[in-house]
Protein chains: 2
Amino acid sequence: MGRRVIVIGGDAAGASAASQAKKRQPELDVVMFERGRATSYSACGIPYWIGGTVGSEAELIARSPDEHRAAGIDVRLRTEVTSIELDRRVVLWRDVQGGGTGAEPFDELVYAAGSVPMRPQVPGMGAAGVYGVQTLDDGAALRAELDSGRVRNVVVVGGGYIGLEIAEACRIRGLQVTVVDRSATPVGTFDPDIGAFIADAVRGVGIDLVLSDEVVAVQTNSHGRARAVVTASGRELPADLVVLGLGVRPNVGLAQQAGIPLGTSGGIAVDVRMRTTVDGVWAAGDCVESRHRLSSQPVVVALGTHANKQGRVAGINIGGGYATFPGVIGTAITKVCDLEVARTGLSSQEALAAGYSFVTASVDSTTKAGYFPGSQPIRVKMIAERRSGRLLGAQVVGRQAAAKRIDALAVCIWNEMTVDQILSLDLAYAPPFAPVWDPVLIAARKAFEAVEADVDHL
Amino acid sequence: MGRRVIVIGGDAAGASAASQAKKRQPELDVVMFERGRATSYSACGIPYWIGGTVGSEAELIARSPDEHRAAGIDVRLRTEVTSIELDRRVVLWRDVQGGGTGAEPFDELVYAAGSVPMRPQVPGMGAAGVYGVQTLDDGAALRAELDSGRVRNVVVVGGGYIGLEIAEACRIRGLQVTVVDRSATPVGTFDPDIGAFIADAVRGVGIDLVLSDEVVAVQTNSHGRARAVVTASGRELPADLVVLGLGVRPNVGLAQQAGIPLGTSGGIAVDVRMRTTVDGVWAAGDCVESRHRLSSQPVVVALGTHANKQGRVAGINIGGGYATFPGVIGTAITKVCDLEVARTGLSSQEALAAGYSFVTASVDSTTKAGYFPGSQPIRVKMIAERRSGRLLGAQVVGRQAAAKRIDALAVCIWNEMTVDQILSLDLAYAPPFAPVWDPVLIAARKAFEAVEADVDHL
């Protein structure tokens, strides 16, 4: 029998690691444990499935258990790893449905247990009718609730990416939806001026937005089911259904119990090759911490694209190759109703927290030449370091074909470009795609002027 | 009287230079000569105006003569500079309509005379009914022809960007259109496999595409007007209207006569501050040569975005500031019917010519997550240097929201990134915007595999 690799978690990170390792070294004996009933699915697609934009669960599955098996991976569905024993180098498992248990030895272990939704520690959060949106099973349960016809009022706790996506999905299904968020504008990872556009878009489709407030209790009916949500300011919001949209935290309980060290961010500490500090133990995906290339701080960013990359890196290394994950810069994108928003690098608040001194510049332009039919408004905001002019962060908000422009800026930040370097870039121009000065270039010009004006006043 | 700046040419480059110089140093006496009747217009928008996508000529004008005058610039419309006398530091001019002439002294001169369409040296090219599409006046003349109702058959000579845009414009207007191009696929700056997609799109809207052939004569009727086009292979194509779409060459005649040196590419030689080798004489826009940052060769690239940047740089420097134009990397984008295509860096042929040894990789993916409604096919092709893996060029072809992805790759090339660095980039991911592995990242992965496989076989 070959060297034995146990993978905990069969979604993006785990399945990528398993696939790469097996592909590189077919003699490896790869066993992948998955608590749910599916592998390699798009968790990010769940809100769209709930809202009906995506027709079926099956469409969310990139690679089924049988496909993984055909590639030689021993997939154990509905099987939860309950303990990792590092000394004996075994994992203990339990069949979630049948209740059977067992042990499985390993030479290499990949910990890819993902994340769990944040759940405020307030009364009633455990009630029936309160849902996270983390797994395919969560999605199926939420869909069943909505299909049942008994839901009228939905309260979404937290106005982050997932919170707003779910709110929109419920609104598309004709429900009364309220989003409660602690900040003054939704999606707190954006600067408030960009967040204000998001708030307008959300309200524009008839979603109630309760800001600068937070949920302090979920009230239940006589059957123990959610009935209403109470907020700190005293609002009582009717709620047949409560959805957690506060974001996630890394699912590290099992690792902690086993003695696999965490980093200061709360995620599992790994090096660039996705090795934990325990020999032969790797970790990848939502449960690990990554280095933020601008703040140099460890951060936990739960995002499918990172999970896939990290899983691939772990798998290549386990399979005898060499690969690294060089960190993140905080790029994110979302569609809020018909508004597109994206960010990369640091927000103003994050730049302050990281100790940077900076100037900002915003420009309003159009996605195509102003005279071209279908041209849409776009705002680009830049955050540039004082004196050096280095681009620290950027945010884009607009309609159709606006937000993906963030990628060019992400590459600028990755390469530590200054705004005056950026304004000379050879970006693509033709009237159906951009004004003759692309909004990105105009923003760089304005940011450069702000950097220059600031230096003049030193 | 202040220092006197004469600007030859009132479109993108000239007007930008004039505006910047005057803004920075209001005491400058800036005179701008323009042979046509408009300033600061979008030449790139002319095909869309001809086709009716853009409603009126006025929409193409970014800044009218009166707006420039309000900013303190002395605009002389319909006035052609006929000679530059460097010793006496005067330009001689002629009123195009009235015929009056005069001389104007200068301290600084900006030469921004743009480009002229390439015209094959074959019989009949000077006939009535043969048009370039360079200036607003060309556009107006073409529109008048089409509005007259006497045109049925159009032959476009050359299947480059402008050629295809004009062909589509004429097709939209219900005409029978044939494009004749020397290459085996249209838009020869793309690799043939990408060009094949363009050919399909062009034919898909009912445009005839005659490839690997060229025009050898324009036949005229008894009124001296174009009647048909004859090609090298012996085709005789009926043509009431012939449009030149072979591209342009720098309009340097006046500079040459004056003794302002050209570079080896045929454009005016300038340094990064847009200074010619003659003291106090600047040049910008379609008439200058730029450095290609990958081939290190001088090239002439006629594109509005470069003209605007170069004009700005010249104007800032004339106004006492400091700015540079660091060169180009060959980024270009166009919409061919409903197909979007873009390129950056070197094509395979250009990379060969520049002496690079390289591998290529192409991937077919989707613009959004595959399961997301509206997801469209996209192909990304990469050209990477052997051994080093440095990205030398990229081409993108696809439908809605595909082609602007080229910008991220342009920034990668600008920063001399290798394909293995690119595959780790933190690009924006959410299902409405990309698969979990963005097509750009998948292409980088595949290109990296090609680089690795190539090294293995050394």
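The values are calculated or read from the model by the stated rules, or taken from the named source; none is laboratory data. Keep in mind the model is a prediction, meaning the values are calculated, not measured. Reconstructed Cβ throughout: ideal geometry from the backbone, glycine too, with neighbour counts over all protein chains shown.
For A:VAL281, indicate whether it is hydrophobic (A, V, I, L, M, F, W, C), in contact with a Ser or Thr (Cβ under 8 Å, 6 or more places away or on another chain) and away from chain B (no Cβ under 11 Å).
No.
For A:LYS404, the test of being modelled with pLDDT of 95 or more, of a type in the set (Lys, Arg), touching a strand residue (DSSP E or B) at 6+ places or on another chain (Cβ under 9 Å) and over 23 Å from B:ALA342 (Cα atoms) is failed.
Looking only at segment A:432-458, filter to residues that are in a loop (DSSP other than H, G, I, E, B) and either in contact with a strand residue (DSSP E or B) (Cβ under 9 Å, 6 or more places away or on another chain) or of a type in the set (D, E, K, R) (or both); which one of those is surrounded by the most Cβ atoms within 10 Å (Cβ to Cβ)?
Here the answer is A:ALA434.
If you go through segment A:311-329 and pick out every residue that is crowded, with 24+ Cβ neighbours inside 10 Å and either farther than 19 Å from B:ALA444 by Cβ or more than 10 Å from chain B (Cβ to nearest Cβ) (or both), you end up with 4. A residue that is within 16 Å of A:LEU241 (Cα to Cα), free of Cβ contacts under 8 Å to residues at least 60 places away in the same chain and in the same structural domain as A:ALA196 (by TED's automatic domain parsing) can be found somewhere in segment A:131-144. Screening the candidates B:ARG69, B:ARG63, B:ARG89, B:ARG76 for the property of being within 22 Å of B:GLY319 (Cα to Cα) and within 14 Å of another protein chain (Cβ to nearest Cβ) yields one hit, B:ARG63. For segment B:246-297, a tally of residues being of a type in the set (Lys, Arg) and under 24 Å from B:GLY321 (Cα atoms) returns 3.
Of all residues in segment A:330-349, those being in a loop (DSSP other than H, G, I, E, B) and facing chain B (nearest Cβ under 9 Å) number 2. Any idea how many residues of segment B:284-301 are more than 12 Å from chain A (Cβ to nearest Cβ) and over 14 Å from B:VAL7 (Cα atoms)? So the count comes out to 8.
The residues of segment A:49-108 that are surrounded by 15 or more Cβ atoms within 10 Å (Cβ to Cβ) and among the basic types (Lys, Arg), listed by number, are A:ARG63, A:ARG76, A:ARG89, A:ARG94. In the set (1) crowded, with 17+ Cβ neighbours inside 10 Å; (2) in contact (Cβ under 8 Å) with a residue 40 or more places away in the chain, the condition left unmet by B:PRO298 is number (2). Restricting attention to segment B:388-400, the residues being assigned to a strand (DSSP E or B) and either touching a residue at least 40 places away in the same chain (Cβ under 8 Å) or polar (S, T, N, Q) (or both) number 8.
With the condition kept exactly as written, say whether any residue in segment B:204-213 is in a helix (DSSP H, G or I), in contact with a Cys (Cβ under 7 Å, 6 or more places away or on another chain), surrounded by fewer than 16 Cβ atoms within 10 Å (Cβ to Cβ) and touching a residue at least 12 places away in the same chain (Cβ under 8 Å). Yes, there is a match, as at least one residue in segment B:204-213 is in a helix (DSSP H, G or I), in contact with a Cys (Cβ under 7 Å, 6 or more places away or on another chain), surrounded by fewer than 16 Cβ atoms within 10 Å (Cβ to Cβ) and touching a residue at least 12 places away in the same chain (Cβ under 8 Å).
Answer with yes or no whether B:PHE358 is touching a residue at least 60 places away in the same chain (Cβ under 8 Å) and of a type in the set (Phe, Trp, Tyr). When the stated conditions are applied, B:PHE358 does not pass them.
Using the structure shown, decide if B:ILE260 is under 29 Å from B:ALA384 (Cα atoms), surrounded by 20 or more Cβ atoms within 10 Å (Cβ to Cβ) and of a type outside the set (Asp, Glu). Taking the combined requirement at face value, the residue does not satisfy it.
Filtering A:THR305, A:THR277 for residues that are buried (at least 24 other Cβ atoms within 10 Å of the Cβ), hydroxyl-bearing (Ser, Thr, Tyr) and either under 12 Å from A:GLY114 (Cβ atoms) or modelled with pLDDT of 95 or more (or both) leaves a single hit, A:THR305.
Among A:ALA302, A:ALA314, A:ALA369, which is the only one that is touching a Cys at 6+ places or on another chain (Cβ under 9 Å) and assigned by TED's automatic domain parsing to the domain that holds A:ARG63?
A:ALA302
The residues of segment B:401-422 that are more than 8 Å from every other protein chain (Cβ to nearest Cβ) and in a loop (DSSP other than H, G, I, E, B), listed by number, are B:ALA402, B:GLU416.
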